[in-house]
């Protein structure tokens, strides 16, 4: 147990130090687009989709955030099914009509390896729409050959890369030839929330009203949250 705490903290400190400039640059671009009516959309497959859900309707988080939910890529439809579909070069095309980007939107594509077709295809959709596309991935995998028909990996498609530095194989510990102690969800969530916090800081420089949810467990939250929901219901399904 102590070994995992030690290694995950080392990795978190590394990401905080190494990605600080990328977070600051990305947050400025995201804040500007949100002020101009855009929303932040997040996409991931399997466990990466958990991070897309993490930022959605989140107490203390940004209101204009929406996950892109393509069910065959989500774990509740089956782990093997999700894993297989992430590698399917035709799947995103089949669900293209369910994805809607407007000019000031931002897309964050979450994929630890950055090599499978579905995340790369989603990044291409964002680029085709002319919006800002960011990846949250581990560049430790950059020597792993991409599986996309274009020959490209995710970092070659997006505008900005946020690097989690998660080791190949995900596990921070090893025993009897096996890695264990996965890091990608913990580090990914920390990096994503650090980015969102910085976006809120950027918005606060020019606005008195911050698009942030209060916890529903606070007695004064209902009016505030309803006001926020009304502002973005035309773009985001909060039902």
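The values are calculated or read from the model by the stated rules, or taken from the named source; none is laboratory data. Note that the structure is predicted; figures quoted are calculated from it, not measured. In this analysis, Cβ positions are derived from the backbone assuming ideal geometry, glycine residues included, and neighbour counts consider all displayed protein chains.
Assuming residue 53 fulfils every condition listed in (1) in a helix (DSSP H, G or I); (2) in contact (Cβ under 8 Å) with a residue 24 or more places away in the chain; (3) in contact with a strand residue (DSSP E or B) (Cβ under 7 Å, 6 or more places away or on another chain) apart from one, which condition is it?
Tallying (1) in a helix (DSSP H, G or I); (2) in contact (Cβ under 8 Å) with a residue 24 or more places away in the chain; (3) in contact with a strand residue (DSSP E or B) (Cβ under 7 Å, 6 or more places away or on another chain), residue 53 fails exactly one: (2).
Is there a residue in segment 152-160 that is touching a helix residue (DSSP H, G or I) at 6+ places or on another chain (Cβ under 9 Å), surrounded by 16 or more Cβ atoms within 10 Å (Cβ to Cβ) and under 26 Å from residue 5 (Cβ atoms)?
Scanning segment 152-160 turns up no residue that is touching a helix residue (DSSP H, G or I) at 6+ places or on another chain (Cβ under 9 Å), surrounded by 16 or more Cβ atoms within 10 Å (Cβ to Cβ) and under 26 Å from residue 5 (Cβ atoms).
Sort through 168, 199, 187, 157 and tell me the only one that's closer than 17 Å to residue 31 by Cα, modelled with pLDDT of 95 or more and out of contact with any strand residue (DSSP E or B) (no Cβ under 6 Å at 6 or more places or on another chain).
199
Tell me whether segment 145-153 contains one or more residues that are assigned to a helix (DSSP H, G or I) and either within 29 Å of residue 228 (Cα to Cα) or out of contact with any strand residue (DSSP E or B) (no Cβ under 7 Å at 6 or more places or on another chain) (or both).
So far as segment 145-153 goes, no, none of its residues is assigned to a helix (DSSP H, G or I) and either within 29 Å of residue 228 (Cα to Cα) or out of contact with any strand residue (DSSP E or B) (no Cβ under 7 Å at 6 or more places or on another chain) (or both).
Are any residues in segment 56-94 more than 19 Å from the chain's Cα centre (by Cα), assigned to a loop (DSSP other than H, G, I, E, B) and buried (at least 16 other Cβ atoms within 10 Å of the Cβ), and if so, which ones?
88
Within segment 27-38, which residues are surrounded by 16 or more Cβ atoms within 10 Å (Cβ to Cβ) and in contact with a helix residue (DSSP H, G or I) (Cβ under 6 Å, 6 or more places away or on another chain)?
Result: 27, 30, 31.
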